[in-house]
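Since every read-out is calculated from the coordinates, none of them should be taken as a lab result. Everything numeric here is computed off the predicted structure, so don't read it as measured data. FYI the Cβ positions are ideal-geometry reconstructions off the backbone, even for glycines, and counts take in every protein chain you see.
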Amino acid sequence: MRPRAPGAAADAEGTLIRRDDPGYEDTRTGAVWNEVTPRRFPAFLARAATEADVVHTVTWARARGLRVAIRSGGHNWSGSPLRDGGLLLDLAGLRQCAVTPAHGTEPATATVGPAVTGQDLVAALTPHDLAFPVGHCPTVAVGGFLLSGGLGWNSRAWGASCADVREIRAVTADGRTVTCSDTEHPDLFWAARGAGPGFCAAVTGFRLALHPHPASVMTTSLTFPSADVARVTDWAEPLARRLPPYVETAFVLAASGPPAAGAGRGPRITVGATAFAATEREARRALEPFADCPFGERAVSRRLPAPVSFAGLHEGAAAIWPPAHRYAADTLWSPENHTTQLTRIADAVARAPSGKSLVLSPVQPVSQEPALLRNMAFAPLGASYLVCYAVWDDPADDRANARWLRDAMAAADPRDDGGHYIAETDLEAGAARARRSYTPATWDRLQEIKAQWDPENLFHSYLAP
């Protein structure tokens, strides 16, 4: 780390920036992908180039009584890596990605750094005819995504993305580098598969089990006026649950849909389905029911089944979550069905101050197979799931959009007792957001593991207001 603060080791490769150094503010704002940068100011910003830099930085911070926050890709909507005082450890330089082909009974694996993004991983795996349930947004780094559990492409079949984490390397609060797996430090490994931004160590690498690339990936969609929310969800939710697990179905309730002939740009509900199948025939057969919508004549637009690549799926997602925008987000797991949830929130979406805001609600976003939920802190916490995004670009509209998000989520969860997904929930909405992202037993165990591995609370836990 080429030191820019007293006491930094002269033989390390990263950089250390103090709050009064030139470039501090650009580095601080660059640590968050969201254009809304929280007004929280670390005393130091450390950028690691190697695992040895991480060890050095953690040791250096502990010796000076500085608490440490971790950043992999900066996609957390609440800006969790930015904390007042202390040190922000930026792992953006750890982008190694190596693919090991299958050998005998051993599956193909990839060894990746925490800053590798979904689009990086797709680009590395596709030439090997391999795949992984990467995040839907292409620029999300695997570090925070996998630590939070990971609701990725084809997770209804493959399980939460963290189910394919076979091993991690992590730097602990006492400066040790440890390898964790089912058999080695299994408690820390369990926590690393779901603890999210409250994880009590700095992960420097993941070893991932990979999947054969689906021979055929096809997608289709229908879009209707938002007045048809109940009709669309009543029809499509039971249909989606009957389809093979390799079909991913999701509702998108958008404040302003694309223009359609004679339909203007009012709020829309889209039901989209993507099949990750062994053959093209199998994919087309799985998507056939979407062509038989009993009220299909009401659709304002329709996309017929068409082949798509993982890179193409990422291109579509990038249009939903464009860079250089301002975001706020919150999540909800509910025991109620999609019709109930989306009907409740539809009026709020229609009144959104920004036409770019939306609600995404996948049907069965992750496999419920017990074998694919084994030995992890992550768990689905309801029968339906939605995530609400406020998306805008003018700083003058910050307050209106933040208020809209809270009001929209209150409409969806009027008793304020739903569960949450730690990766995208609004951690500034209250301390209960983090706690309700887990079952009570899981939450208690996370606190016990934190106390064991980080007794002096070196690593920041969950952001709270």
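Here are a few things to note about the model shown:
- Note on the chain: dipole from Cβ charges, positive end direction compared against I320, A141, T109; the farthest Cα belongs to I320.
- Shape category assigned to segment 199-294 from the gyration tensor of Cα positions, a/c cut at 1.5: oblate
- Values of log10 I(q)/I(0), in the order q = 0.20, 0.22, 0.27 Å⁻¹, for segment 15-90 under a Debye, Cα-only, solvent-free model: -0.80, -0.96, -1.36
- Expected 222 nm ellipticity per residue - DSSP helices of 4 or more, -39500 (n - 2.57), all of the chain, to 500: -7500 deg cm²/dmol
- Rounded to the nearest Hz, the phi-derived 3J(HN,Hα) couplings of segment 221-238 under the Karplus curve 6.51 cos²θ - 1.76 cosθ + 1.60 (θ = phi - 60°) are 7, 10, 10, 10, x, 5, 4, 9, 3, 5, 4, 5, 6, 4, 7, 7, 5, x, where x marks glycine and proline.
- In terms of surrounding Cβ atoms within a 10 Å radius of their Cβ, E106, E51, E424 rank from fewest to most as E106, E51, E424.
- Of H460, H136, the sequence from fewest to most neighbouring Cβ atoms within 10 angstrom is H460, H136.
- All Cα pairs of segment 78-207, percent lying beyond 21 Å: 38
- When DSSP beta bridges are restricted to pairs lying wholly in the chain, around 85% turn out antiparallel.
- Cβ crowding within 10 Å averaged over residues, with 21-29, 152-160 ranked highest first: 152-160, 21-29
- Note that segment 177-185 has calculated 3J(HN,Hα) couplings of 9, 10, 9, 10, 7, 4, 10, 10, 6 Hz, one per residue in order, obtained from phi through the Karplus relation 6.51 cos²θ - 1.76 cosθ + 1.60 (θ = phi - 60°); glycine and proline are x.
- Average Cα contact separation per residue, the chain, under 8 Å, 6 or more apart, as relative contact order %: 16
- The smallest convex shape that holds all Cα atoms of segment 216-435, its convex hull, gives 132 Å³ per residue.
- Against the main long axis of the alpha-carbon atoms of the chain, helix 310-320 sits at an angle near 90°.
- Per-q log10 I(q)/I(0), the chain, q = 0.09, 0.10, 0.11 Å⁻¹ (Debye; single scatterer per alpha-carbon; no solvent): -0.58, -0.72, -0.87
- Relative exposure of H103, H314, H338, judged by other C-beta atoms within 10 Å (fewest first): H103, H314, H338
- Taking the centroid of alpha carbons for each part, segment 356-385 and segment 390-421 are 21 Å apart.
- Sorted largest first, extent of segment 404-464 alpha carbons per principal axis (Å): 40, 22, 15
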